[in-house]
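Report on the structure given below.
The values are calculated or read from the model by the stated rules, or taken from the named source; none is laboratory data. All values derive from a computational prediction rather than experimental measurement. In this analysis, Cβ positions are derived from the backbone assuming ideal geometry, glycine residues included, and neighbour counts consider all displayed protein chains.
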Amino acid sequence: MDLAIMENDQDNIQGMSSRLAAMKNKLDIVQQFFRDVMVPDVDYGIIPGTPKPTLYKSGAEKLCELYGFTIEIANKREERDYKTGFYLAEVTVRLRHRATGQVVAEGVGEANVYEAKYRWRWVGERDLPRGIDKENLLSKEFSSRDGGKWSKYRLENADLFDQWNTVLKMAKKRSLVDATLSATRSSGIFSQSEDDFEAYIMGEDEPATKPTPPPRKPGKPSGITINFGKYKGQTLEDIHEEDPSYLEWLVKNAKDERVRVAANKLLTDSPRPERPASNGRPERAADDDTNPLVDDDMWAALEMEDE
């Protein structure tokens, strides 16, 4: 009996050793794949307001190709209301191994037109419909360095029907990414800090220590143009007028010292936009490091790939 147990343990050890070698080989291949094939800010990237890498639709498709998975729509559920314009799409994506036909994972994604980015739009006072009472609208107030002030007002999107196809695409993307992360067990890769993620790609045990560049004297904040992210091509002053919270993100996360200093100066020189409280009086937006719309931002970035 003891001899049988010993033989069984030996078989287990040999099996574990073989699996360990296979796992190491697989890890090397995946790391090389990220170095040679995956394109930063195209296949994956850092979404403004979030500290961790996010897998994009094109990256999910490439990972499926690497692993030999085919992509198929297993189920699609839609809700439509032609009177109100409401639309909801729920899509289930199934990944199947190309060689064996075996189902390896399913992912579910949902989107609807009542998500903030589809339901609302922000306009200046001159673009408000004639006769509307702006005092009853949610507004954001902005201030320029010379003391000028202006507001943007939130209006309900009157063209919800035009968003239906976009919402369906978004549901598909969400389900594909969900299935891919499950099938490739890549969730851990995309839940690391940026430095940890780069270290993983390079096959390092620990993140490489990056030399700290000497601080550069910032130029005029309004003259600095951002060359990345959703406000690529816009100046810091323009961004401050449209989305001051993005400047706060730049202060904490921008790699360029000049950008961080200039963004901080703009925020210091100009008050943060105000928003009305429930009693109708303006209320300053609370400082909050949390981001309840992380998912919305993430999928908004994905959506731009098909636009």
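Looking at the stretch 36-53, I want the residues that are under 16 Å from N253 (Cα atoms) and among the hydrophobic types (A, V, I, L, M, F, W, C) and have a partner that is exposed (fewer than 14 other Cβ atoms within 10 Å of the Cβ) and modelled with pLDDT of 80 or more with Cβ atoms under 9 Å, at least 6 apart or on another chain. Which pairs are those?
none
So which strands (runs of 3 or more DSSP E) are wholly in the stretch 86-188 and hold at least 3 residues that are of a type outside the set (G, A, S) and at pLDDT below 90?
It comes to 120-124, 139-143, 149-156.
Look through the stretch 66-85, keep the residues that are surrounded by 13 or more Cβ atoms within 10 Å (Cβ to Cβ) and aromatic (F, W, Y), and return whichever of them is modelled with the lowest pLDDT.
So the residue we want is Y67.
Need the failing condition index for D127 against (1) farther than 22 Å from F69 by Cβ; (2) buried (at least 17 other Cβ atoms within 10 Å of the Cβ); (3) among the charged types (D, E, K, R), just the number.
(2)
Checking R98 against (1) outside the structural domain of A171 (by TED's automatic domain parsing); (2) touching a residue at least 12 places away in the same chain (Cβ under 8 Å), which test does it fail?
(1) is the only condition that R98 fails.
Considering only residues of the stretch 35-52 that are at pLDDT 80 or above and not β-branched (V, I, T), which is surrounded by the fewest Cβ atoms within 10 Å (Cβ to Cβ)?
D36
Among the residues that make up the stretch 65-84, is at least one of them within 22 Å of the chain's Cα centre (by Cα), on the phi > 0 side of the Ramachandran plot and of a type in the set (G, A, S)?
Within the stretch 65-84, none of the residues are within 22 Å of the chain's Cα centre (by Cα), on the phi > 0 side of the Ramachandran plot and of a type in the set (G, A, S).
Tell me whether the stretch 52-64 contains one or more residues that are over 13 Å from T180 (Cβ atoms) and out of contact with any Pro (no Cβ under 6 Å at 6 or more places or on another chain).
So far as the stretch 52-64 goes, yes, one or more of its residues are over 13 Å from T180 (Cβ atoms) and out of contact with any Pro (no Cβ under 6 Å at 6 or more places or on another chain).
Kindly list, by first and then second residue, each pair from a residue in the stretch 10-33 that is surrounded by 10 or more Cβ atoms within 10 Å (Cβ to Cβ) to a residue that is aromatic (F, W, Y), limited to pairs with Cβ atoms under 8 Å and residues at least 6 apart or on different chains.
Q31/Y200
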